[in-house]
Amino acid sequence: ITEAIVQSSFSIFIFAWTPILLKLSPLGELNYGTAFICFVLSLICGAIIYDILLIKLKYSYFKVLFGSLILQFFCFTFILVSRSFYLCLLVFAVINGNLGFVSPLLSIIKSNIIVEKYRSQIMTIFR
């Protein structure tokens, strides 16, 4: 269920960021290269945060995952009510960074729960 929530939020992000930012853009056009760089940097920041929280500080996987899902919820809620281009770009970058943070976290959780021999078959069923 958690993987489905994360994957669906990623799909919403993929299809929603361009029209939302185009609509809010002060110039009526969007520099896709700048937005892409922001998203790539946010993915890198998400991976760094993952390393700090889970590898160095040894936080619980499930507590961090719960916090991450709550963050996703508030980010999408903020985008629904915000009318600022720059704030929405920042929040989309946070969403993307959070997805970069959650991806390795879910892989570790799956490896701890599902036996490796059957993991790919079981995950295929749920996709």
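Just a few scattered comments:
- Calculated P(r) over Cα pairs in 5 Å bins from 0, in percent (choose from (i) 2, 10, 19, 21, 17, 14, 9, 5, 2, 1, 0; (ii) 2, 11, 21, 25, 19, 10, 4, 3, 2, 1, 1, 0, 0, 0; (iii) 2, 12, 21, 22, 21, 14, 7, 2, 0), label: (i)
- When the chain is treated as a GNM with alpha-carbon contacts under 10 Å, the residue of K56, K117, K23 showing the greatest mean-square fluctuation is K117.
- Working note: Karplus 6.51/-1.76/1.60 with θ = phi - 60° gives the range 22-38 the couplings 5, 5, 8, 4, x, 9, x, 9, 10, 8, 5, x, 5, 5, 5, 4, 4 Hz, where Gly and Pro are set to x.
- Shape category assigned to the range 21-85 from the gyration tensor of Cα positions, a/c cut at 1.5: oblate
- Accessible area per residue, Å², the range 29-82 with all protein chains present, probe 1.4 Å: 68
- Given a 1.4 Å probe and the protein chains as shown, I5 ends up with an accessible area of around 80 Å².
- Couplings for the range 105-116, taken from phi via the Karplus curve 6.51 cos²θ - 1.76 cosθ + 1.60 with θ = phi - 60°, read 5, 5, 4, 5, 4, 4, 5, 7, 9, 9, 4, 4 Hz in order; Gly and Pro are left as x.
- Accessible area of the chain belonging to carbon and sulfur atoms, whole % at 1.4 Å probe: 72
- Karplus-based coupling profile of the range 80-90, in residue order and whole Hz: 5, 9, 7, 10, 9, 4, 5, 5, 5, 4, 5, with θ = phi - 60° in 6.51 cos²θ - 1.76 cosθ + 1.60 and x standing for Gly or Pro.
- Accessible surface of F78 - all protein chains present, 1.4 Å probe, nearest 10 Å²: 80
The values are calculated or read from the model by the stated rules, or taken from the named source; none is laboratory data. All of these numbers come straight from a predicted model, not from anything done at the bench. In case anyone asks, the SASA skips ligands and DNA or RNA and just uses the protein heavy atoms, side chains included. Shrake-Rupley method; radii C 1.70, N 1.55, O 1.52, S 1.80 Å.
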